[in-house]
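Colleague: Before I ask anything, let me first share the structure, which is written out below as structure tokens.
The values are calculated or read from the model by the stated rules, or taken from the named source; none is laboratory data. Keep in mind it's a predicted model, so treat the numbers as computed, not measured. Quick reminder, even Gly has a Cβ in these numbers, built from the backbone with ideal geometry, and neighbours come from all protein chains shown. To get the accessible areas, we keep the full protein, side chains included, count just its heavy atoms, and leave off ligands, DNA and RNA. Shrake-Rupley method; radii C 1.70, N 1.55, O 1.52, S 1.80 Å.
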2 protein chains.
Amino acid sequence: MKERLACYLPCLEWARQYDREAAGKDGLAAAIVTLMLIPQSLAYAMLAGLPPVTGLYASILPLVAYTLFGTSRTLAVGPAAVLSLLTASVLGPLFAAGSAEYNAAALLLALLSGLVLLAMAVLRLGFLANFLSHPVISGFMSASGILITLGQLKHILGIRADGENALQLLGALARGLPQTNLPTLAIGVASLLFLYLARTRLNGWLRTLGCTARVAGTLTRTGPVVALLLSVLVVWLFELGAAGVRVVGRIPEGLPSLSLPPLDAALTMQLLPAAILISLIGFVESVSVAQTLAAKRRQRIEPNQELVGLGGANLAAALSGGLPVTGGLSRSVVNFDAGAQTPMAGALTAVGIAITVLFFTPLFHNLPHAVLAATIIVAILTLVDLGALERTWRYSRQDAAAMAATMLGVLLIGVEAGILVGVGLSLLLFLWRTSQPHIAVVGQLPGSEHFRNVKRFAVVESPKVLSIRVDESLYFPNARYLEDRIAELVSEHPQAEHLVLMCPGVNLIDASALESLEAIGVRLHAAGIQLHLSEVKGPVMDRLKRSDFLAHFGGRVFLSQFEALAALDPQTTRRALGIRGQERASGSLPHQSTLQENDHEKRP
Amino acid sequence: MKERLACYLPCLEWARQYDREAAGKDGLAAAIVTLMLIPQSLAYAMLAGLPPVTGLYASILPLVAYTLFGTSRTLAVGPAAVLSLLTASVLGPLFAAGSAEYNAAALLLALLSGLVLLAMAVLRLGFLANFLSHPVISGFMSASGILITLGQLKHILGIRADGENALQLLGALARGLPQTNLPTLAIGVASLLFLYLARTRLNGWLRTLGCTARVAGTLTRTGPVVALLLSVLVVWLFELGAAGVRVVGRIPEGLPSLSLPPLDAALTMQLLPAAILISLIGFVESVSVAQTLAAKRRQRIEPNQELVGLGGANLAAALSGGLPVTGGLSRSVVNFDAGAQTPMAGALTAVGIAITVLFFTPLFHNLPHAVLAATIIVAILTLVDLGALERTWRYSRQDAAAMAATMLGVLLIGVEAGILVGVGLSLLLFLWRTSQPHIAVVGQLPGSEHFRNVKRFAVVESPKVLSIRVDESLYFPNARYLEDRIAELVSEHPQAEHLVLMCPGVNLIDASALESLEAIGVRLHAAGIQLHLSEVKGPVMDRLKRSDFLAHFGGRVFLSQFEALAALDPQTTRRALGIRGQERASGSLPHQSTLQENDHEKRP
């Protein structure tokens, strides 16, 4: 019972051994992550079109929920850039950003996303994430990074410029450029420069100044918080709010109140597809981060339980005024590097954010949107990896096509459409690739019991028996191809009386392929040819025995191809076996003229 | 050039050798098929919600087009039950049946379907038909048969009863039952009985009366035409039209005029998905019929050219006032049995139908709808094969689930939704099935260089080297599973220093799996384990060489697993090789306690 409970509440396991040392390490990591999470939370909430404070709310209870239900010891959950982008792209066309309906719909989206994740856990549907192949995810990330950057430029310029895709955004930016607010631009560019240098150079400078690696690393991570505080100071000192610099404004103090988001059946149906997409993408990202970190300490994460952890986190976000959340890469790495030992670090981070919400929100009144936008841009540009397209192209053109389609779809049509295009194309290409398996006509290697491809080896072919090897499982993507190919081969071998299908590479015959085999058997029969099978694997044979096929097809199932030929055309087989090894033609050249029955009849 | 042309115009090939004998045989077959096609054409047009004469129009030019472009020598093209059902289910919700808009939309549907088929031919997209697995097609056919039968019962009863799914139809029939028109019911039931007996018993009776098999077969096939003529006579004699028996009414005489259907961009976009579905289903059905018949004479059909043939036939239907067409099973079998030698039989059938349209349409004025409905029902019920569900269940539960979902979807929601549900579920189940390939930890069989599953054989495992065999290609459906599984296995083997992935069953590593392998390599490295590969197939290796993987992963690629172990843990490997065969424990029991390194250290 206890074990069973520990399976659903992984926290019970580590909590038993929790001690002072672990608590100290977790506390330090939590402090660093809190400082990093404050600007991120505010920024990603803004990116989602929501009041900045919702980002802070989404960084309290969801972290506690993941601490209770998650299996990764170092994953740091919270708002994430791509989920915020998806949220904005789903809700943008439906409601005015900033309206009460928009905010309520974001909560509903988080709720649905939490329920979808939990449903996937219960129904063991985690494999659905496989639909999102690596090229699609990679293309989506790169294009999202570009789209997010374009979307944030308006905050750097201090203008209004909205759009659902890259072209619309570029157009809006070009039209708005003359209205650029110079103080905002100054703050934005200064922040970008500061954050960029903090990310790329600060560590080195601090090290040359004599800091230890640890101290330098920690100080580097506080860059965004320092930028935030500095900008607040500057805006306050120079009264830039009056000069047209848009600031966050009043943030309600106090913890979020718990309440269920308003449930609307029609809106629920409308948001459900987006919620599924958000769940899948959040899950894929989170699991890959968690797995990478867990492996470093030879720990394990349990993907199905991760669904529960993330589902719980999203439900908590929905109940406490947040937005969809998932495990973030940068935060989690910082958490790991700072020495977090258990998920308790997440709960302690939640305490840090709660204290911030309780006491420090007045600080953010004068925080410029431009600084938050700069935070987003510097963080997101690390996601953009255009080189991946070239590398993938070199490796596999089909995968590169799926990646390019996803990128173009996201940039030119929109986020959701782009992913659907990518997933659809991956499936199509996959089906195309598996729909034409390698099928070879084989013959007997002289002097041996082996059968090889007649196009690659000088082999003996029986005039009466057509031997065909299939190098792939037989299932619906290739069932019809098999029919076509065998019809073609039979029409090329008018003298054949038997056809032996050699199945050493067949791991599965599904119902479609079984129907095809039956059709092939019937058609061959009508043409006066008997179908046989050879080298059928055990599990495939077990399944065939459960159908009527073996009783009706009229042929035999041979243990080996040699046995089949020995039974169906003993004369040719015995003669081929008798040819001594030395007489064999060198057999490695492709398309070498095959040693036909007639050929070696002429031999001495 | 001439060969090239013959490739696109297969008629050039057979036309060269066309002689009097072939013409005679084709003419006879055409006469029989014409008699069969007349009632079918009228009935399937009515099923599609169109004026009966459109069915005749669809049996003239389309047949000529297929004669020119098709590759099957015996396929009989024309209106078909399932395509008519699809047409009605697509157009029914949009326009009132019988309206000019409805008829124009049906022409547009045929035009789009022709264009889709031609586009598939040019882009070589015939493999798309693979999406329709056998269980989905079979479930669709059975459910369609039931749905069509329910939909035709109103004609037998002489009432009005419409609906988009089985429940709606049943409800409408129940409500309409009190209004049953008795003369109509009498004609309907008599026709059903007559047609049923003609189909099942007539042949036997004629044979006992001394007819040859050939004559009996031909006479049997004229059953529907006889029923048609008899019913016209009865209606005329007893003036049943006035008694409420609905009849076909005036049919315009003369050949159809050629014209392009009205093109409407919005309607085109609306009908395109249905046109794609109609094209795919028509293509799948037609090709399977054509292939079955071609095989009987060891002829071949060329699936890609079939797309051209069917595409041309549908374009011709659209231009000459018809409806979507495809190759029909029953007609084609009759054509084949009657001795058709070349596609010229189709052109001659077209002449027969043209003569009918020119001179005999007044005959059909008094033809009752009930007789056409009976023709449809008796023909369609042969499609219903509920036993297939049970057979498939016995063979594969996943395939049976896809079939059942398609059937329920078609019956309870509608035709298109049902197919989409079935295709979606097939893909999901397929992905689920391939997402968890067989992955085994292997060890060395004592006294040999072979490596087998530790769960099935008593083998020697190296404490330093973890050997893992994957029995499937590595691609996106299972890439993440591989990551999970290896993380799990590594956490179970804390002492491992090397991990060798044995790849004899890997036919492909796609970009997703490559990313996964890289991630696995990096994670293993972080955990102090080095990844290696062994027994990588040539084509897979060629592709890996085009990526950075081999340069970065830090491990080696061994030709065999034995070579890998000999290099990484020579001590254990040599010791295992030294164990004589006789000392081996019997190795066929699964889960037998494995012969660990420690175990045989204790041996003498």
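Colleague: Express the relative contact order of chain B as a whole percentage, based on alpha carbon pairs under 8 Å and six or more residues apart in sequence.
Modeller: 21 percent
Colleague: Taking a label point 7 Å out from Cα toward Cβ, give me the nm distances from A:Gly241 to the same spot in the other copies, shortest first, one decimal.
Modeller: 8.8
Colleague: Run the numbers on region A:118-135: which residues show a drop of 40 Å² or more in accessible area, chain on its own versus all protein chains together, using a 1.4 Å probe over heavy atoms?
Modeller: Residues of region A:118-135 that lose at least 40 Å² of accessible area once the other chains are added: A:Phe127, A:Asn130, A:Phe131, A:His134.
Colleague: Ok, one more. Please compute the average number of Cβ atoms from other chains found within 10 Å of each residue's Cβ in peptide A:539-549.
Modeller: Across A:539-549, the average partner-chain Cβ count within 10 Å equals 2.
Colleague: Near A:Arg298, within a Cβ-to-Cβ distance under 11 Å, what is the net charge of the other residues, with Lys and Arg +1 and Asp and Glu -1?
Modeller: My count for the surroundings of A:Arg298 gives +3.
Colleague: For region B:439-601, calculate the relative contact order in percent as a whole number, restricting contacts to Cα pairs under 8 Å that are 6 or more residues apart.
Modeller: Relative CO of region B:439-601 lands at 33 percent.
Colleague: Ok, one more. Compute, for region A:168-315, the length of the dipole vector about the Cα centre, with Cβ point charges of +1 (Lys, Arg) and -1 (Asp, Glu) only. Units Debye, rounded to 20.
Modeller: Magnitude of the dipole: close to 760 debye.
Colleague: Here's something else I'd like to know. If amide H atoms are built 1.01 Å from N in the plane of the peptide, which residues on other chains or at least 5 residues away come under 5 Å of the amide H of A:Val460?
Modeller: Here the answer is A:Gln444, A:Leu445, since their amide H atoms fall under 5 Å of that of A:Val460.
Colleague: Quick one: of the DSSP bridges fully inside the protein assembly as shown, what percent are antiparallel, nearest 5?
Modeller: Percentage antiparallel, nearest 5: 45.
Colleague: Projecting each Cα onto the charge dipole of chain B (Lys/Arg +1, Asp/Glu -1 at the beta carbon, about the Cα centre), which of B:Thr375, B:Tyr481, B:Leu577 comes out farthest on the positive side?
Modeller: The listed residue farthest towards the positive side: B:Thr375.
Colleague: Which number do you get for Rg(Cα) / (2.2 N^0.38 Å) in the protein assembly as shown?
Modeller: Output field value: 1.09.
Colleague: Using only the Cα atoms, what convex hull volume per residue in Å³ does region B:381-529 have?
Modeller: Details: hull volume 23.6 nm³, N = 149.
Each residue corresponds to 158 Å³ of Cα convex hull volume.
Colleague: If you place +1 on the Cβ of every Lys and Arg and -1 on the Cβ of every Asp and Glu, how big does the dipole about the Cα centre of the protein assembly as shown come out, in debye to the nearest 20?
Modeller: 1300 debye
Colleague: If you take the C-alpha gyration tensor of region A:439-601, multiply each eigenvalue by 5 and take the square root, what semi-axes do you get, largest first, in whole Å?
Modeller: 27, 15, 15
Colleague: What does the charge count around B:Gly70 come to, taking other residues whose C-beta lies under 13 Å from its C-beta (Lys +1, Arg +1, Asp -1, Glu -1)?
Modeller: -1
Colleague: Return the long-range amide H neighbours of B:Thr326 (sequence gap of 5 or more, or a different chain), with a cut-off of under 5 Å between placed amide H atoms.
Modeller: Amide H to amide H, under 5 Å and 5 or more residues apart or across chains, B:Thr326 pairs with B:Gly78, B:Ala80.
Colleague: Put a label point 7 Å from Cα along the Cβ direction on B:Gly98, then list its distances to the equivalent points in the other copies in nm, shortest first.
Modeller: 5.8
Colleague: Still on this structure, please answer the following. Quick one: net charge around B:Val465, please, counting Lys, Arg +1 and Asp, Glu -1 for every other residue with C-beta under 10 Å from its C-beta.
Modeller: Details: positive: B:Lys464; negative: B:Glu461, B:Glu497, B:Asp569.
Here the count lands on -2.
Colleague: Further, regarding this structure: Write down the percent of antiparallel bridges among all DSSP beta bridges whose residues are both part of chain B, to the nearest 5. Spell out each step's value before the answer.
Modeller: Numbers: 10 of 24 bridges.
Counting only bridges with both partners in chain B, antiparallel ones make up about 40 percent.
Colleague: What are the aspartates and glutamates whose alpha-carbon lies under 16 Å from the alpha-carbon of B:Lys296, with same-chain residues fewer than 8 places away excluded?
Modeller: By straight Cα distance, B:Lys296 reaches A:Glu483, A:Asp484, A:Glu488, A:Glu492, A:Glu497, A:Glu518, B:Asp337.
Colleague: Using only protein heavy atoms and a 1.4 Å probe, how much accessible area in total is buried between B and A, to the nearest 100 Å²?
Modeller: 6200 Å²
Colleague: Shape of chain A from its Cα gyration tensor (a ≥ b ≥ c, root eigenvalues): rounded if a/c is under 1.5, otherwise prolate when a/b > b/c, or oblate? Could the numbers behind the result be given before it?
Modeller: On the way: a/c = 2.62, a/b = 2.41, b/c = 1.09.
In terms of gyration-tensor shape, prolate.
Colleague: Under a Cβ-only charge scheme (Lys and Arg +1, Asp and Glu -1), can you give me the dipole magnitude of region A:2-403 about the Cα centre, in debye to the nearest 20?
Modeller: Working: 25 positive and 18 negative charges, 182 e Å.
Here the size comes out at about 880 debye.
Colleague: Could you give me the ³J(HN,Hα) list for region A:464-469, computed from phi with Karplus coefficients 6.51, -1.76, 1.60 and θ = phi - 60°, whole Hz, x at Gly and Pro?
Modeller: 8, 10, 9, 9, 10, 10
Colleague: Please name which of A:Leu258, A:Pro437, A:Ser330 has its Cα lying farthest along the dipole of chain A towards the positive end, using unit charges on Cβ (Lys, Arg +1; Asp, Glu -1) and the Cα centre as origin.
Modeller: The one lying farthest along the dipole's positive direction is A:Ser330.
Colleague: With point charges of +1 on the Cβ of Lys and Arg and -1 on the Cβ of Asp and Glu, referenced to the Cα centre of chain B, which listed residue (B:Leu108, B:Tyr8, B:Ile355) lies farthest in the positive direction of the dipole?
Modeller: Sorting the options by dipole projection puts first B:Ile355.
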